[in-house]
Amino acid sequence: GGIEIFPQDGSGVGETTAAVVVSGAVEETIQDVADAKAKNVPIFARSEFLSSLAEEYHTSIAVAGTSGKTTVVAMLGHILAQAGMDPTVVNGGATLDQPEDAGIGNARIGAGDVIIYEADESDGSLVRYHPTVSVITNLARDHFEEQEVLQMFAGLVGQTKGAVVAGIEVAEKLQAMKIENAPEFVRYSVYSGPDRAFPVAVKETGWGIKFGLDSADFELTIPGEHNMLNAVAAVLAAKQLGVAPQISAQALTSFAGVRRRLELLGEVNRIRVVDDYSHNPAKIEAALRTLRPRSRFLHVVFQLHGFAPAKFMREQLVEVFARNLGKTERVILPEIYYAGGSASKDISAKDIVEDLKARGVNAQYSEGLFEVQEDLLHSVNPGDIILVMGARNPDLPVFAEGIVQAIARMA
């Protein structure tokens, strides 16, 4: 039993191969795809395969949105598991409360008739899904212009069989489009108002947040207003499946979070190291707003995850750092991560550092990621937080863990 692992050289594509499933990041020039074409092996996009898998379940929940998808999927999976529904979960990140024998932790195979999955807009594939319930967290400029993403969300709404749980801002835009066959919208917001669910009695704790919702009291062990809204979305989606908010509240007390989503890797000598996947302006702003009040001095190490995203988001990235970093913070940008392929290297992290400096931000450039460590170790003090941010590069969490270990050796 089990899964046989092959190198990405075509050796896994043979006479008995039923299909080759590729993600949006896989270019047609790689050997596996070329060999599949040569041998007439069917090639499916990951989203096509996931859509067909979801159709096998009685109830499917698709979670979309520019930010928060992975955390909402993880929270919702945790709630439904605690409620005895034994869901299957297909996620974009690993949950921290998965048992050690659960592999990398981004998937859960359940015996129930419910599947929850992350519906990604980065390659436009979310329009392939036909869920029972959709969750759409928010809308911001990321992989595409906002209007393009809104059209994708509208496609998902039109293919949703039950309710759409959506943040108030994106819900209002979608409802204004008069989408044909649009189901009921269940709207939520951080602010009070009509026709929406909203949290009350909000109180930030040391490394978490408390709030009330629908006559239930919630306490999260992960920080930030954005995580509170992620929880609200998960609770409202669970309610569509008959799970009472009180059950959800009890479940979320034991939710440990998601790997690389404001993950507190360690605290040594009152210095905390946090690893985070933030890579677009909205996510970066949420991380900075959450950690600034909790730190004496915030040291940010942010690596851009590609040359095209760096060009596309350059102005917004500069604006979000300029707006959210003061005199007691700094940001270090290692050179842009290159994952291979046909990317055009026509922008450098140096360019963005210069933009930041022009806006008065305490910013500096580094040729490499690991070259930053010594600088951090010499400048960090008790009460500080080191925040490591970025996507795609597998060395980022390794680097962050190394910082924790190095600080421990100094203590």
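Side notes on the structure shown:
- For GluC sites (Glu not before Pro), the sites in region 6-76 that DSSP calls loop and that have at most 14 other Cβ atoms within 10 Å are GLU15, GLU27, GLU28, GLU55, GLU56.
- The sum of -39500 (n - 2.57) across all DSSP H runs of n ≥ 4, divided by the residue count of the chain, sets its helix-only mean residue ellipticity at 222 nm to -10500 deg cm²/dmol.
- Region 77-137: GluC sites (Glu not before Pro) in DSSP loop, at most 15 other beta carbons within 10 Å: GLU100
- Among GLN316, GLN147, GLN240: highest mean-square fluctuation, GNM of the chain, C-alpha pairs under 10 Å: GLN147
- For region 288-351 and region 91-166, distance of Cα centres in Å: 26 Å
- Around the amide H of VAL21, modelled in the peptide plane, lie the amide H atoms of PHE44, all under 5 Å away and 5 or more residues distant in sequence or on another chain.
- Between VAL20, VAL73, VAL232, the residue with the greatest mean-square fluctuation in the GNM of the chain (Cα pairs under 10 Å linked by springs) is VAL20.
- Coil-residue GluC sites (Glu not before Pro) of region 316-411, DSSP, other Cβ within 10 Å capped at 13: GLU367
- Computed label-point distance, nm, for sites SER52 and ARG330 using a 7 Å Cα→Cβ extension: 5.4 nm
- Each residue of region 245-252 is assigned a 3J(HN,Hα), and the resulting list reads x, 5, 5, 4, 4, 5, 5, 6 Hz, derived from the Karplus form 6.51 cos²θ - 1.76 cosθ + 1.60 (θ = phi - 60°), x at Gly and Pro.
- Gaussian network model of the chain, Cα within-10 Å springs - most flexible of THR95, THR16, THR137: THR16
- Ascending count of other beta-carbon atoms within 10 Å, so fewest first, for TYR188, TYR117: TYR188, TYR117
- For region 179-185, putting each phi into the Karplus relation 6.51 cos²θ - 1.76 cosθ + 1.60 with θ = phi - 60° gives couplings of 5, 5, 6, 5, x, 5, 9 Hz, in residue order, rounded to whole numbers and with x for Gly and Pro.
- Exceeding the 28 Å Cα-Cα cut-off - candidates LYS39/LYS311; LYS37/LYS161; LYS203/LYS239; LYS203/LYS283; LYS327/LYS350: LYS39/LYS311; LYS37/LYS161
Every number in this text was worked out from the coordinates using simple rules, so none of it is lab data. Nothing here was measured: the structure is a model prediction, and the numbers come from that model. Here the Cβ is made from the backbone with ideal geometry for all residues, glycine too, and neighbour counts use every protein chain on show.
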